[in-house]
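Each remark here refers to the structure printed beneath this line.
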Ligand code: SAH
């Protein structure tokens with residue numbers, strides 16, 4: 001019996017707590033589960049993607065709290081539950097081609113990249129697109145393409161997609177987007193007034209047409225037309 005050194009298992013427990021499972025990350029997982037996220041692949045991905053790298057340096061300590069945070073250009077990174085919930089609703093498979101409108105920080109795109117085949121994410125602010133692209137490259141998300149553009153008015157040659165996720169509020173879902181969905185495809189978007197509360201809405205394209213379901217209330221920054229003039 002050695003004295004002076006703590007037993008190995010205590011060392012291991014301490015190492016786990018400080019590196020792999022800091023308390024705030026354990027709470028993060030618990031909160032997602034408690035709020036109803038049950039897809040194991042989604043939960044694992046939420047655990048693996050380092051949200052602290054997608055928020056401003058000043059906000060890193062709070063990166064795993066259940067709240068939206070401000071990012072550059074007056075935009076926001078969504079609260080973790082909403083990211084997990086929207087991802088779960090997409091029922092992603094490894095071969096899926098996914099379109100995201102509203103790259104923002106790139107966090108949602110990083111989550112999608114681990115669960116899908118190819119991700120195209122579109123952002124109207126050059127500064128946000130460039131920052132997100134650099135982050136995603138650093139994290140080896142090589143299946144994500146970040147495009148500067150207007151998700152409300154995409155060139156006709158883009159698509160079709162198995163999944164479309166809109167992370168900015170739309171008063172209605174443009175036909176121009178619905179038309180890019182494959183049969184069997186799922187689109188999810190916050191639909192409602194630009195100011196205030198929107199309803200997360202899911203569309204499924206079937207052989208017979210579009211099935212529409214309203215899910216939960218959310219608050220997103222608005223989807224605005226055109227590429228932003230400011231950086
Ligand atoms: N998914 C992001 C959060 C999105 S915030 C994340 O994980 O961080 C909404 C983003 O949509 C903002 O960055 C905003 O600039 C962008 N946006 C708004 N209208 C857009 C449009 N028409 N085309 C592309 N991006 C748009």
Examine region 218-228 for a residue that is out of contact with any helix residue (DSSP H, G or I) (no Cβ under 7 Å at 6 or more places or on another chain), away from the ligand (no atom under 12 Å from the Cβ) and free of Cβ contacts under 8 Å to residues at least 60 places away in the same chain, and state whether such a residue exists. no
If a residue must be in contact (Cβ under 8 Å) with a residue 60 or more places away in the chain, more than 18 Å from residue 222 (Cα to Cα) and either more than 9 Å from the ligand (Cβ to nearest atom) or part of a loop (DSSP other than H, G, I, E, B) (or both), how many such residues does region 101-115 contain? 2
Just to verify a result, which residue in region 76-100, among those that are crowded, with 20+ Cβ neighbours inside 10 Å and near the ligand (Cβ under 8 Å from one of its atoms), is farthest from residue 183 (Cα to Cα)? 77
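Within region 146-159, does at least one residue satisfy the condition of being closer than 28 Å to residue 26 by Cβ, crowded, with 16+ Cβ neighbours inside 10 Å and either modelled with pLDDT of 95 or more or touching a helix residue (DSSP H, G or I) at 6+ places or on another chain (Cβ under 6 Å) (or both)?
Within region 146-159, none of the residues are closer than 28 Å to residue 26 by Cβ, crowded, with 16+ Cβ neighbours inside 10 Å and either modelled with pLDDT of 95 or more or touching a helix residue (DSSP H, G or I) at 6+ places or on another chain (Cβ under 6 Å) (or both).
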I'm told residue 193 meets every condition in (1) closer than 30 Å to residue 127 by Cβ; (2) buried (at least 20 other Cβ atoms within 10 Å of the Cβ); (3) more than 13 Å from the ligand (Cβ to nearest atom) except one. Can you identify the failing condition by its number? (2)
Of these, 201, 131, 121, which one is closer than 17 Å to residue 85 by Cα and surrounded by 12 or more Cβ atoms within 10 Å (Cβ to Cβ)? 201
Of the criteria (1) under 13 Å from the mean Cα position of the chain (by Cα); (2) more than 9 Å from the ligand (Cβ to nearest atom), which one residue 143 fails: (1)
Taking region 134-145 as the search range and keeping residues that are in a helix (DSSP H, G or I) and touching a helix residue (DSSP H, G or I) at 6+ places or on another chain (Cβ under 7 Å), which one is surrounded by the most Cβ atoms within 10 Å (Cβ to Cβ)? 136
Candidates 78, 113 - the one that is in contact with a strand residue (DSSP E or B) (Cβ under 7 Å, 6 or more places away or on another chain) and modelled with pLDDT of 95 or more: 113
Can you find even one residue in region 157-173 that is under 26 Å from residue 207 (Cβ atoms), within 12 Å of the ligand (Cβ to nearest atom) and under 13 Å from the mean Cα position of the chain (by Cα)? yes
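The values are calculated or read from the model by the stated rules, or taken from the named source; none is laboratory data. Computed from a prediction, not measured in an experiment: that's the story for all the values here. Quick reminder, even Gly has a Cβ in these numbers, built from the backbone with ideal geometry, and neighbours come from all protein chains shown.
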